[in-house]
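Have a look at the structure below, then the notes.
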Amino acid sequence: MIFKKKKKKDIPNRRSVEQSNDSSTQPNTNLFKRNRTLTGTTSNRLKSVNTNNELESPRVHAHNLTIKRRKIGSILLLMLIIAAPIWFLINNFTATVNIEISDVKISKSIDTSKYEKVIQEYLNINPMSRFSFFLDITAMSDYVASKLPEVSNIDKINTITPGKVNFTLKMRTPIAGWQINNKQYYVDSRGIPFERNYFLAPSVQIVDNSGVAPKVGTAAIASNRFLSFVGRVVSVSKTYGYTVVQAALPNNTTRELEVRLKEGNYLIKLSIDRPVGEQIEDMGNAIKYFSDRGQTPEYIDVRVSGKAFYK
């Protein structure tokens, strides 16, 4: 017959894969044998149960490392961007004040604590001034000078360590002094009076021959104005080439000043109610007039504008 049924024994056995009862004992070399499913992933995020990183190609591995480096670099850059302004603020912030004196001719010791205290008071009143880029040096100098008149100005500031700032002060140099009620006053070249002097005593000491006793409560005001006038006289005279060696209040008045010059030993009478510059200019013209004629008067009076009286 054509469709004769084959006997069962004539059918060849199909290929079969021998399976081991214990698959866990298979070595790693069986991963790539025929008819086995490869497990793993090339994704740097998704992880399967039996992920094997060795399955990543060198190109994929290098790509993943580049991505990681970029992430780390971005984080570091962000941290630097945040840290830079914080460091800038800390480095320019004044928490602690340190005082130095710029003058090398100081002859007396200085208690810097009182100056540190006044500067801290100013910073407490103006908290934004603790940042150096907001600090007004002129305003601070004026405040310190109003509390401690012997301070001329703040020369410079510089940061010692973060939070600690050094302030260099310049003290007033006296050019004349005056003693009132057993209290010594001084004046500098700008006519600013003060009481505390760290330099040698000035060569010009005002002699009070007025016989007028200053009243309590007004002595300081009167002396400040007069000392300012004397300081300007000494300073402006020096610019004209004359050196004041003595200054005195004449008898029965506090509105006039008599100064003795080193050059020619001239005695000059001045008024505190007239500008210093004009009187010194008239004084210079009068001295030149008498010098050209070989005369030395007993005194020269320049208290009236445009005129010079002499004897």
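The values are calculated or read from the model by the stated rules, or taken from the named source; none is laboratory data. Given the structure is predicted, the values throughout are model-derived calculations rather than measurements. All Cβ positions, glycine included, derive from the backbone under ideal geometry; neighbour counts span all protein chains shown.
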Task: Top-ranked residue of segment 175-211 - restricted to ones that are closer than 19 Å to SER271 by Cα and among the charged types (D, E, K, R), ranked as modelled with the highest pLDDT - done: ARG190
Open item on the list: Being loosely packed, with under 15 Cβ neighbours inside 10 Å and either touching a Lys or Arg at 6+ places or on another chain (Cβ under 8 Å) or of a type in the set (S, T, N, Q) (or both) is the filter here; which residues of segment 147-158 pass it?
Closed with: ASN158
Open item on the list: Looking only at residues that are over 25 Å from ILE137 (Cα atoms) and in contact with a strand residue (DSSP E or B) (Cβ under 7 Å, 6 or more places away or on another chain) in segment 187-202, which one is surrounded by the fewest Cβ atoms within 10 Å (Cβ to Cβ)?
Closed with: ALA201
- [ ] Filter segment 252-275 for residues that are touching a strand residue (DSSP E or B) at 6+ places or on another chain (Cβ under 8 Å) and at pLDDT below 85 and give the result.
- [x] ARG255
Open item on the list: Here is a check on your reading of the model: is ILE268 touching a helix residue (DSSP H, G or I) at 6+ places or on another chain (Cβ under 6 Å), in the same structural domain as LEU227 (by TED's automatic domain parsing) and in a strand (DSSP E or B)?
Closed with: yes
TODO: Scan segment 125-148 for residues that are more than 20 Å from LEU89 (Cα to Cα) and assigned to a helix (DSSP H, G or I) and jot them down.
DONE: THR138, ALA139, MET140, SER141, ASP142, TYR143, VAL144, ALA145, SER146, LYS147
Open item on the list: I want to confirm something. Restricting to segment 142-155 and keeping residues that are without any contact (Cβ under 8 Å) to a residue 24 or more places away in the chain and over 16 Å from GLU116 (Cβ atoms), which single residue is nearest to the chain's Cα centre (by Cα)?
Closed with: ASN153
- [ ] Name the residue, out of ILE72, ILE81, ILE99, ILE110, that is among the aliphatic types (A, V, I, L, M), modelled with pLDDT of 85 or more and part of a loop (DSSP other than H, G, I, E, B).
- [x] ILE110
Task: Tally, over segment 212-251, of residues that are more than 18 Å from PRO149 (Cα to Cα) and at pLDDT 75 or above - done: 19
